[in-house]
1. Quick one: what pairs do we get from region 161-175, first residue at pLDDT below 90, second part of a loop (DSSP other than H, G, I, E, B) and surrounded by fewer than 12 Cβ atoms within 10 Å (Cβ to Cβ), C-beta under 7 Å, 6+ apart or different chains?
2. Every residue in region 69-94 that is buried (at least 21 other Cβ atoms within 10 Å of the Cβ), modelled with pLDDT of 95 or more and assigned to a helix (DSSP H, G or I), please.
3. Take region 95-124 and flag every residue that is at pLDDT 90 or above, in a helix (DSSP H, G or I) and closer than 18 Å to ILE165 by Cα.
4. Scan region 1-40 for residues that are modelled with pLDDT under 75 and either buried (at least 17 other Cβ atoms within 10 Å of the Cβ) or of a type in the set (Asp, Glu) (or both) and report the count.
5. Any residue at all in region 80-87 that's over 15 Å from the mean Cα position of the chain (by Cα) and in contact (Cβ under 8 Å) with a residue 24 or more places away in the chain?
6. Being without any contact (Cβ under 8 Å) to a residue 24 or more places away in the chain, acidic (Asp, Glu) and part of a helix (DSSP H, G or I) is the filter here; which residues of region 5-62 pass it?
7. I need the full set of residues from region 71-80 which are over 15 Å from GLN126 (Cβ atoms) and not β-branched (Val, Ile, Thr), in order please.
Amino acid sequence: GRNFECYSEDSFLSGQMCAKTVYGAMTKGVYCYIKHFVAYENQTTPAGVYSWMTEQAFRETYLKPFEIAVKDGGANAVMSSFNRVGAHWVGGNKAILQNVLRDEWGFRGSVVTDWSSGGDYMDVDQGLYAGNDLWLTGEQTRPSGHSDKTSASAVSNMRKAAKNILFTYCNTYYI
């Protein structure tokens, strides 16, 4: 699909190259949204792709380059992918965005969706709950809105997202 956007098929090599690129950009006050997090393998109808694999294959092949970029390169901006890992959309997958990316690897920064053309597929409440902070949309499209703006957990998730976005900006520009 998008091989031109990938460094290498080798997970370690991709991670090293990305980490150095991110670090270099950050020293000049630029943050890079590394993409497509994670297991994005198909350009045609990516929203319909369900990726199934063992946890070992997932960690050693698909997560490894991102882990290196976060831990060694200091990446503080990630773009979640369209596809699903298992039955869950990656941008709304708390196990990936919160448990692995933020809790396990110590990622501090913002997560943006890949292109969102509105509708319920990239649900805002689900994404915010999972740790997605921004929706990449065009001028004429908007993602589906929050189902309940008075919910304490929804407000908390929005505050967390705003904090993550500001953290990315402030901790890149003033590095």
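1. Taking only residues 6 or more apart or on different chains, the pairs are THR172/GLY29; TYR173/GLY29; ILE175/GLY29.
2. Scanning region 69-94 gives ALA69, VAL70.
3. Taking region 95-124 as the starting set, the residues that turn out to be at pLDDT 90 or above are 95-113.
Restricting the remaining residues to those that are in a helix (DSSP H, G or I) gives 95-104.
Hits for region 95-124 are LEU97, GLN98, LEU101, ARG102, ASP103.
4. The first filter runs over region 1-40 and keeps only residues modelled with pLDDT under 75, leaving 1-6.
From what's left, either buried (at least 17 other Cβ atoms within 10 Å of the Cβ) or of a type in the set (Asp, Glu) (or both): 5.
Result for region 1-40: 1.
5. Filtering region 80-87 for residues over 15 Å from the mean Cα position of the chain (by Cα) gives 86-87.
Cutting the leftovers down to in contact (Cβ under 8 Å) with a residue 24 or more places away in the chain gives us 86-87.
Yes; the residues of region 80-87 include at least one that is over 15 Å from the mean Cα position of the chain (by Cα) and in contact (Cβ under 8 Å) with a residue 24 or more places away in the chain.
6. GLU55
7. Quick first cut of region 71-80, residues over 15 Å from GLN126 (Cβ atoms) only: 71-79.
LYS71, ASP72, GLY73, GLY74, ALA75, ASN76, ALA77, MET79 - these are the residues of region 71-80 that are over 15 Å from GLN126 (Cβ atoms) and not β-branched (Val, Ile, Thr).
The values are calculated or read from the model by the stated rules, or taken from the named source; none is laboratory data. Treat the numbers as computed from the prediction; the structure is a model and nothing was measured. Glycine also receives a Cβ, built like all others from the backbone with ideal geometry; neighbour counts cover every protein chain displayed.
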